[in-house]
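The values are calculated or read from the model by the stated rules, or taken from the named source; none is laboratory data. Computed from a prediction, not measured in an experiment: that's the story for all the values here. So basically every Cβ, Gly included, is an ideal-geometry build from the backbone, and we count neighbours across all protein chains shown. Please note that ligands, DNA and RNA were not included when accessible areas were found on the heavy atoms of the full protein model with its side chains. Shrake-Rupley method; radii C 1.70, N 1.55, O 1.52, S 1.80 Å.
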Amino acid sequence: MPSVWYWLLVVGVILLIPTAYAGKIGAPWVPTRKRAIMKALQELEIGKGSTVVDLGAGDGKVLVAAVSNGATAIGFELSPIMWVIATLRTLGRAQVIWGNFYKKPLPANTTAVFVFLLPETMPRLKKYLKEQSMPTLKYVMSYAFPFKDIVPVKVIKEPKCAAIYVYDPRAVQSS
(Lines give C-alpha, C1' and ligand atoms only; values in the text may rest on other atoms or scores of the structure.)
Protein backbone atom coordinates (compact mmCIF):
# COMPACT_ATOMS: atom_id res chain seq x y z
CA MET A 1 0.00 0.00 0.00
CA PRO A 2 1.55 3.34 -1.07
CA SER A 3 2.15 5.92 1.64
CA VAL A 4 0.37 9.26 2.04
CA TRP A 5 3.52 10.96 0.70
CA TYR A 6 3.31 8.91 -2.47
CA TRP A 7 -0.29 10.01 -3.08
CA LEU A 8 0.54 13.65 -2.29
CA LEU A 9 3.33 13.45 -4.85
CA VAL A 10 0.99 11.92 -7.45
CA VAL A 11 -1.64 14.63 -6.85
CA GLY A 12 1.06 17.32 -7.00
CA VAL A 13 2.34 16.06 -10.34
CA ILE A 14 -1.21 15.86 -11.70
CA LEU A 15 -1.80 19.49 -10.68
CA LEU A 16 1.52 20.63 -12.13
CA ILE A 17 0.89 19.19 -15.60
CA PRO A 18 -1.82 21.75 -16.53
CA THR A 19 0.24 24.45 -14.81
CA ALA A 20 3.20 23.63 -17.05
CA TYR A 21 0.91 23.53 -20.08
CA ALA A 22 -0.46 26.99 -19.16
CA GLY A 23 3.10 28.28 -19.09
CA LYS A 24 3.75 26.79 -22.51
CA ILE A 25 0.68 28.16 -24.32
CA GLY A 26 0.54 31.54 -22.58
CA ALA A 27 3.02 32.37 -19.87
CA PRO A 28 4.24 31.06 -16.55
CA TRP A 29 2.86 32.92 -13.57
CA VAL A 30 4.75 36.11 -12.79
CA PRO A 31 3.16 38.77 -10.56
CA THR A 32 1.61 41.85 -12.12
CA ARG A 33 2.21 45.09 -10.22
CA LYS A 34 -0.95 46.47 -8.61
CA ARG A 35 0.19 50.10 -9.07
CA ALA A 36 0.37 49.62 -12.84
CA ILE A 37 -3.04 47.94 -12.99
CA MET A 38 -4.73 50.65 -10.91
CA LYS A 39 -3.15 53.43 -12.97
CA ALA A 40 -4.35 51.82 -16.21
CA LEU A 41 -7.89 51.35 -14.88
CA GLN A 42 -8.01 54.98 -13.74
CA GLU A 43 -6.47 56.49 -16.88
CA LEU A 44 -8.80 54.49 -19.13
CA GLU A 45 -11.80 55.23 -16.89
CA ILE A 46 -12.63 51.57 -16.43
CA GLY A 47 -15.04 51.23 -13.54
CA LYS A 48 -18.77 51.00 -12.91
CA GLY A 49 -20.53 49.61 -15.97
CA SER A 50 -17.32 48.10 -17.38
CA THR A 51 -16.52 44.42 -17.77
CA VAL A 52 -12.84 43.49 -17.55
CA VAL A 53 -11.71 40.10 -18.80
CA ASP A 54 -8.28 38.82 -17.73
CA LEU A 55 -6.93 36.09 -20.00
CA GLY A 56 -4.60 34.08 -17.79
CA ALA A 57 -5.85 35.47 -14.49
CA GLY A 58 -3.00 34.03 -12.41
CA ASP A 59 -3.45 35.02 -8.78
CA GLY A 60 -6.47 37.25 -9.51
CA LYS A 61 -4.76 40.58 -8.86
CA VAL A 62 -6.21 42.22 -11.99
CA LEU A 63 -9.67 40.92 -11.10
CA VAL A 64 -9.48 42.33 -7.58
CA ALA A 65 -8.28 45.71 -8.91
CA ALA A 66 -11.09 45.84 -11.49
CA VAL A 67 -13.75 44.98 -8.90
CA SER A 68 -12.35 47.52 -6.43
CA ASN A 69 -12.67 50.10 -9.23
CA GLY A 70 -16.36 49.19 -9.64
CA ALA A 71 -16.09 46.98 -12.73
CA THR A 72 -17.36 43.47 -13.28
CA ALA A 73 -14.39 41.12 -13.59
CA ILE A 74 -14.05 37.75 -15.29
CA GLY A 75 -10.82 35.78 -15.41
CA PHE A 76 -9.74 32.66 -17.26
CA GLU A 77 -7.04 30.47 -15.73
CA LEU A 78 -5.73 27.11 -16.94
CA SER A 79 -3.51 26.22 -13.98
CA PRO A 80 -5.63 24.56 -11.27
CA ILE A 81 -3.24 25.84 -8.60
CA MET A 82 -3.52 29.47 -9.75
CA TRP A 83 -7.26 29.05 -10.34
CA VAL A 84 -7.71 28.10 -6.67
CA ILE A 85 -5.58 31.07 -5.57
CA ALA A 86 -7.52 33.51 -7.80
CA THR A 87 -10.86 32.07 -6.70
CA LEU A 88 -9.93 32.43 -3.02
CA ARG A 89 -8.46 35.89 -3.56
CA THR A 90 -11.56 37.23 -5.27
CA LEU A 91 -13.93 35.60 -2.75
CA GLY A 92 -16.89 35.54 -5.11
CA ARG A 93 -16.48 39.18 -6.19
CA ALA A 94 -15.26 38.09 -9.62
CA GLN A 95 -15.87 35.07 -11.81
CA VAL A 96 -12.80 32.88 -12.28
CA ILE A 97 -13.24 30.29 -15.00
CA TRP A 98 -10.95 27.27 -15.01
CA GLY A 99 -9.90 26.25 -18.47
CA ASN A 100 -8.16 27.22 -21.67
CA PHE A 101 -9.54 30.60 -22.75
CA TYR A 102 -8.60 29.84 -26.37
CA LYS A 103 -11.40 27.26 -26.32
CA LYS A 104 -14.04 29.55 -24.83
CA PRO A 105 -15.96 32.55 -26.14
CA LEU A 106 -15.50 35.88 -24.39
CA PRO A 107 -18.54 37.75 -23.04
CA ALA A 108 -20.15 40.03 -25.63
CA ASN A 109 -20.28 42.87 -23.08
CA THR A 110 -16.50 42.91 -22.52
CA THR A 111 -15.14 46.46 -22.18
CA ALA A 112 -11.46 45.65 -21.69
CA VAL A 113 -9.27 42.60 -22.17
CA PHE A 114 -6.11 42.33 -20.05
CA VAL A 115 -3.25 39.94 -20.81
CA PHE A 116 0.22 39.21 -19.50
CA LEU A 117 1.41 36.68 -22.05
CA LEU A 118 4.79 35.92 -23.59
CA PRO A 119 5.75 37.61 -26.89
CA GLU A 120 5.62 34.36 -28.87
CA THR A 121 1.96 33.86 -27.88
CA MET A 122 0.78 37.29 -29.06
CA PRO A 123 0.07 36.24 -32.69
CA ARG A 124 -2.19 33.44 -31.46
CA LEU A 125 -3.90 35.88 -29.08
CA LYS A 126 -4.54 38.30 -31.94
CA LYS A 127 -6.12 35.52 -34.03
CA TYR A 128 -8.26 34.49 -31.04
CA LEU A 129 -9.45 38.05 -30.44
CA LYS A 130 -10.40 38.41 -34.13
CA GLU A 131 -12.78 35.47 -33.69
CA GLN A 132 -14.62 37.04 -30.74
CA SER A 133 -17.79 39.12 -30.93
CA MET A 134 -17.40 41.93 -28.42
CA PRO A 135 -19.21 45.04 -29.70
CA THR A 136 -18.53 47.01 -26.49
CA LEU A 137 -14.78 46.29 -26.40
CA LYS A 138 -12.82 49.53 -25.92
CA TYR A 139 -9.35 48.36 -24.95
CA VAL A 140 -6.94 45.48 -25.23
CA MET A 141 -4.23 45.84 -22.58
CA SER A 142 -0.97 43.90 -22.56
CA TYR A 143 1.32 44.01 -19.56
CA ALA A 144 5.06 44.00 -20.37
CA PHE A 145 4.90 42.63 -23.92
CA PRO A 146 3.47 44.55 -26.88
CA PHE A 147 2.03 43.24 -30.11
CA LYS A 148 4.96 43.50 -32.51
CA ASP A 149 2.96 44.73 -35.51
CA ILE A 150 0.40 47.05 -33.90
CA VAL A 151 1.04 50.55 -32.56
CA PRO A 152 -0.49 51.06 -29.11
CA VAL A 153 -2.80 54.03 -28.61
CA LYS A 154 -1.26 54.52 -25.19
CA VAL A 155 1.60 53.20 -23.08
CA ILE A 156 1.00 53.43 -19.34
CA LYS A 157 4.08 53.45 -17.14
CA GLU A 158 4.55 53.37 -13.40
CA PRO A 159 7.93 53.43 -11.65
CA LYS A 160 9.44 49.96 -11.13
CA CYS A 161 6.64 48.33 -13.14
CA ALA A 162 6.46 46.96 -16.64
CA ALA A 163 4.56 49.09 -19.13
CA ILE A 164 0.96 48.41 -20.03
CA TYR A 165 0.40 48.68 -23.78
CA VAL A 166 -3.12 49.78 -24.64
CA TYR A 167 -4.57 48.97 -28.05
CA ASP A 168 -7.62 49.96 -30.01
CA PRO A 169 -9.45 46.64 -30.42
CA ARG A 170 -10.25 47.43 -34.06
CA ALA A 171 -6.49 47.54 -34.77
CA VAL A 172 -6.01 44.21 -32.99
CA GLN A 173 -8.97 42.52 -34.66
CA SER A 174 -8.23 43.79 -38.17
CA SER A 175 -4.46 43.30 -38.40
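Describe numerically, in nm with one decimal, the distance between label points set 7 Å from Cα along Cα→Cβ at Val153 and at Gln95. Using points 7 Å along Cα→Cβ, the separation is 2.5 nm.
Sorted largest first, the principal axis extents computed over the alpha-carbon atoms of the chain equal 61, 34, 32 Å. Looking at the chain, the accessible area is 53 square angstrom per residue; that uses a 1.4 Å probe and ignores ligands, DNA and RNA.
Here the Kirkwood formula puts the hydrodynamic radius of segment 39-91 at 11.0 Å, using every distinct Cα pair.
Placing +1 on the Cβ of every Lys and Arg and -1 on the Cβ of every Asp and Glu, with nothing else charged, gives segment 28-175 a dipole about its Cα centre of roughly 120 debye. Each Cα pair under 8 Å and six or more residues apart adds its separation to the average, and for segment 75-121 the resulting relative contact order is 40 percent. Normalising the Debye intensity of segment 104-164 to I(0), with uniform scatterers on Cα atoms only, and taking log10 at q = 0.20, 0.30 Å⁻¹ returns -0.83, -1.40.
Subtracting the Cα-Cα distance from 0.36 nm times the residue separation, let me have the gained length for Val84 to Asn109 in nm, one decimal. This chain segment gains 6.5 nm when fully extended. How many percent of the accessible area of the chain is carbon or sulfur, using a 1.4 Å probe? The computed percentage sits at 64. Only aspartates and glutamates eight or more places from Lys148 in sequence, or on another chain, were considered; those with a Cα closer than 20 Å are Glu120, Glu131, Asp168.
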